[in-house]
Amino acid sequence: METHRGVTIYLLFLTLKQITDVSATDIDTYQKTKCKTQHFYHRVTLNCSHQNLTYIPKTENFVQNLIFGYNFLTNVTSGTFTNISNPADLIELQLDHNDIKNISSEALHTFTKLKYLYLSNNPIDYNNLKDFFGSLATLKFLSHLRLSDIPTITLDKDLFSLLEENRIGTLEVKFYKLTKFSMDMFRNFNNLRSLYLRDNQIVELILSKHKNLQSLYIDHNNLRVFPNFSLSGNDSDCYLPDLEVLNVQSNSIDALSPNNFKCLQKLQNLKLGGNPIKVLRNNVLSKLPNLDLLQLRYLRAGSLLIEPFAFNSTSLKKLKFGLGSRARDVFVSFNDTFKFLPNLKHLVIYRINMLEVTSEQLAGLFNPLTSLTFFSCFACQISQDPKFILTNMKSVSNIGLQGNLIKTLSGETFAKNKYLKFLNLRYNQIGHIKESALSRTLLGRLHQLDLSKNPFVCDCELEWFINWLETKPKGTRVEKYPHGYICFGPAGMSNKLLSEVTFTYRECHPWSPWIWTALIASPCTIVIAIIGILLYRNRWNIKHYIYLLRKRRRYKTIPGNDYEFDAFVAYKAEDSEWVHGRLLPVLEDEIGLKLCIHERDFKLGVFINDNIISNIDASEKMILILSNSFARSGWCMFELKVAHTKLIEEEKELVIILLEKIDAKNMKNSIKVLLNTTTYIEWTEDQVGQELFWTKLKNVLKK
């Protein structure tokens, strides 16, 4: 007892000294700090994080939240907070990453309304923290405590032994290396409702009785089996009888059975993604009568096999799963998988390859889902008209089919979806859209439409849609318009925005042959004159082209392949991070290509231009990574011209990656000519766009 009193007096002395040292300059120093006043959740917040401060500056305004992370408050006492003008009104206090070693028991007594306290990532002394917990009973409103990654303590029952009656409902305890974890250490948290135990490397979780706990997050650990929530094997005798939310994502659980859930009668939200589950057995959800949400995204260790009646649940309303596998390897029965989900409202599917699935199988899989209001099948490789999927979804209001291979829409596609308000068909293969497919009635009903990043063919068949985009109702939001809507054809329209395309009435409503004959015959003299002028002005280009044709005939193709590299990569040093961080892992590590990179493969002591030419000759293909820095570089432009010459003279294959839009001031004529005459692949920061980018690039470069 005397030792604790001595520590408290010492801490008080340090704090009084600290206040005395800064009192003469506290106003000037406050003005120099970059503390920002913000409003979060209708509360006034003062953010002083990342300032390297050793004390809390004087607050001049009313403050409810204080964010003071990433500073230096080595010793915390009540004097530490004397500069806070209204301590009785403070609701949230964030003190994480402050190198706090000691915190006195009375440090927070003036914060009578405090609800949220964050102390993570501080090297607090074990006994000091234990004593501090004993004083938390005075904070009658404290409901959320964050204690993650405190390197100086060992989590055990004794640490919380002095904790008295409290109202802490949420406890975060993360990033401790504890292979064996007992929940009995939290028995003094008598009102605990949410417990976060993620990222603790837990292999064995020892449960204990917590009658009030409603949410348990044990994701990102190393659990090998699903926890047993039953005390004695009896359904009515459970460790966590009121549990409603359970997150066991990203563990090592490889098997599930109905008995795993027999003590979770009130469970509503279950997340199982990121586990190496091999089979989802029939009736696995039968012991979960109140289950509302099931999430099975990003499962590890290959494909998951879903038995015909695995999703047999009358309570399930939301289902999300994504496996990265072929549909034929996932669904044992297309007709039965969703047949016993009468109340399912929300279905999200990720990356299940349905390219080989027939239209009849698609219809059998999705036809039972008559109650859906939200449907998404993202990157599912669907190539058919989605009418086979959507026919029975008569109540659906939100459809997401982005990242598929859909080419055509018909008048039947959305004919039965009378309540559709949100439609996403981004990143498909839609070139033309029939007016009957997106009727005026449907378009007038939509709140949001996304058809961006489709290869539109900007001819008269698309005229109606181009006109509609310009005159659409104010209540309809078209995502990514106009920059995401680009013409891929015909030749004269390529790379134009749809917003830039206009048609005259006669272009899309042609005259009779007699009128055309008269119009063509009358200006024939002018046309001949124009052709003559064009031939004269371009005589040197024509001669050059003829020269190239003649030169090409002098060479014979020699069978065989003696190339040292699969491709020569030309890029500017400023883009090196993208090349090494994005390009090389995919092309070299993933698909096994051998690339020539100047930083790695150029020979020392050889002139740069000789290195460039010899390595291009030693490469089967050439890759140009165009950016503004590339366009400004003399050596990069030299590589471009050599590559262009090889393309013309030797027919060496050239792959162009447009890393970013080239500014007009950097758009040299040689780049402009290359972009206008050569197909290129454009990089994007969009996740779906990146998947399509890598697919196209791999197809071009495959051996």
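The values are calculated or read from the model by the stated rules, or taken from the named source; none is laboratory data. Because the structure is a prediction, the values reported are computed rather than measured. Virtual Cβ from ideal backbone geometry, glycine too; neighbours counted across all protein chains shown. Protein only, heavy atoms only, side chains kept; ligands, DNA and RNA dropped before computing areas. Shrake-Rupley method; radii C 1.70, N 1.55, O 1.52, S 1.80 Å.
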Within the chain, longest stretch free of exposed chymotrypsin sites (Phe, Trp or Tyr not before Pro) [DSSP loop, at most 10 other beta carbons within 10 Å]: 42-554
Correct choice for mean projected area of the Cα convex hull in nm² that was computed from the model, options (1) 35.0; (2) 38.8; (3) 44.1: (3)
Å² of accessible area per residue within the chain, as computed with a 1.4 Å probe and no ligands counted: 50 Å²
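Calculate what fraction, in whole %, of the accessible area of the stretch 256-411 sits on carbon and sulfur atoms when a 1.4 Å probe is rolled over the protein chains.
The value for the stretch 256-411 is 48 percent carbon and sulfur by accessible area.
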For the stretch 651-694 and the stretch 371-448, write down the distance between their C-alpha centroids in whole Å. 31 Å
Could you tell me the accessible area of Thr408 in Å² (1.4 Å probe, neighbours in place), rounded to the nearest ten? 80 Å²
Which value in nm describes the separation of the simple spin-label points at His144 and Thr476, placed 7 Å from the Cα toward the beta carbon? 4.1 nm
Between Leu405 and Thr373, how high is the FRET efficiency from 1/(1 + (r/R0)^6) when r is the Cβ-Cβ distance and R₀ = 25 Å? Nearest 0.05. 0.45
Explain nothing, just compute: Karplus ³J(HN,Hα) = 6.51 cos²θ - 1.76 cosθ + 1.60, θ = phi - 60°, for every residue of the stretch 634-639 in order, whole Hz, x for Gly and Pro. x, 5, 5, 5, 4, 4
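For Asn190 and Asn61, what is the calculated FRET efficiency with R₀ set at 45 Å and r taken between the beta-carbons, to the nearest 0.05?
0.75
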Could you give each residue of the stretch 488-498 its phi-based ³J(HN,Hα) in whole Hz, using Karplus coefficients 6.51, -1.76, 1.60 with θ = phi - 60°, and x for Gly or Pro? 9, x, x, 3, x, 9, 3, 6, 7, 6, 4
Cα long-axis angle, helix 687-701 against the chain (0 to 90 degrees, to the nearest 10): 50 degrees
Write down the percent of antiparallel bridges among all DSSP beta bridges whose residues are both part of the chain, to the nearest 5. 10 percent
Assuming R0 = 25 Å, what is the FRET efficiency of Phe488 and Ile613, from their Cβ-Cβ distance, to the nearest 0.05? 0.10
Which of the lysines could a cross-linker span from Lys262 if the Cα-Cα distance has to be under 23 Å and same-chain partners fewer than 8 positions apart are dropped? Lys209, Lys211, Lys271, Lys278, Lys287, Lys317, Lys318, Lys320
Please determine, in degrees from 0 to 90 and to the nearest 10, the orientation of helix 524-537 with respect to the longest principal axis defined by the Cα atoms of the chain, where the helix direction is its Cα long axis. 70 degrees
What nm distance separates the two modelled labels at Arg224 and Glu599, each placed 7 Å from Cα along Cα→Cβ? 4.2 nm
In the stretch 174-215, what percent of the accessible surface is made up of carbon and sulfur (1.4 Å probe, ligands and nucleic acids excluded)? 43 percent
Please list, in chain and number order, the residues 5+ apart from Thr170 or on another chain whose amide H is under 5 Å from its amide H, with Hs placed from the backbone. His144, Leu145, Arg193, Ser194
Nonlocal amide H pairs with Ile352, under 5 Å, H built at 1.01 Å: Leu323, Gly324
Using each residue's phi in the stretch 268-280, evaluate 6.51 cos²θ - 1.76 cosθ + 1.60 at θ = phi - 60° and report the 3J(HN,Hα) Karplus result to the nearest Hz, with x for Gly and Pro. 10, 10, 10, 10, 10, x, x, 10, x, 5, 8, 9, 9
Which value in nm describes the separation of the simple spin-label points at Met637 and Glu590, placed 7 Å from the Cα toward the beta carbon? 3.4 nm
By a straight-distance test (C-alpha under 23 Å), which lysines pair with Lys665 as possible cross-link partners, with residues fewer than eight away in the same chain excluded? Lys496, Lys572, Lys641
